[in-house]
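The values are calculated or read from the model by the stated rules, or taken from the named source; none is laboratory data. Note that the structure is a prediction, hence the values are computed from the model and not measured. With ideal geometry, Cβ positions are generated from the backbone for all residues, glycine too; neighbour counts draw on all protein chains shown. Remember, those area values only see protein heavy atoms, side chains included, never the ligands or the DNA or RNA. Shrake-Rupley method; radii C 1.70, N 1.55, O 1.52, S 1.80 Å.
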Amino acid sequence: MMKRVEGKVWQLKISGSELPEVDKKYPVIATIPSGTGWEVQMVADEIKGYEALPYPPTLEHAYVYYMENELNL
């Protein structure tokens, strides 16, 4: 399961006003306050419209990716 999520976990820095939009578009795993905005971890095959950086996957990321993508086929 961990191998399948490699390259599908992302982190990005966004403003507080962008958080609801990101949360609707992608499965958000974690939100961490950072200065005037948020550091957000999410799982997706790709992120469009944001400058997201790859993030090392954890078991939680793999589980959410599996639940969002494999079970919804």
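Return the pairs, sorted by first residue and then second, in which the second residue is open to solvent by 40 Å² or more (accessible area, probe 1.4 Å) and not in a strand (DSSP E or B), the first residue lies in segment 45-67 and is farther than 12 Å from Arg4 by Cα, the beta carbons are less than 8 Å apart, and the residues are 6+ apart or on different chains.
Taking only residues 6 or more apart or on different chains, the pairs are Pro54/Gly7.
Looking at Val5, Val64, which is the one that is touching a helix residue (DSSP H, G or I) at 6+ places or on another chain (Cβ under 6 Å) and surrounded by 12 or more Cβ atoms within 10 Å (Cβ to Cβ)?
The conditions single out Val5.
For Leu71, which of the numbered conditions (1) open to solvent by less than 70 Å² (accessible area, probe 1.4 Å); (2) hydrophobic (A, V, I, L, M, F, W, C); (3) more than 11 Å from the chain's Cα centre (by Cα); (4) at pLDDT below 95 fails to hold?
Failed condition: (1).
Do you know which of the residues in segment 34-61 that are within 12 Å of Val22 (Cα to Cα) and among the small types (Gly, Ala, Ser) is surrounded by the fewest Cβ atoms within 10 Å (Cβ to Cβ)?
Among those residues, the one meeting the criterion is Gly49.
Do any residues in segment 12-30 that are under 13 Å from Tyr50 (Cβ atoms) and touching a residue at least 40 places away in the same chain (Cβ under 8 Å) have Cβ atoms under 8 Å from those of residues that are open to solvent by less than 60 Å² (accessible area, probe 1.4 Å) and not in a helix (DSSP H, G or I), where the two are at least six apart or on different chains, and which pairs are they?
Qualifying pairs under 8 Å: Leu12/Glu39; Leu12/Val40; Leu12/Met42; Leu12/Ile47; Leu12/Tyr50; Leu12/Ala52.
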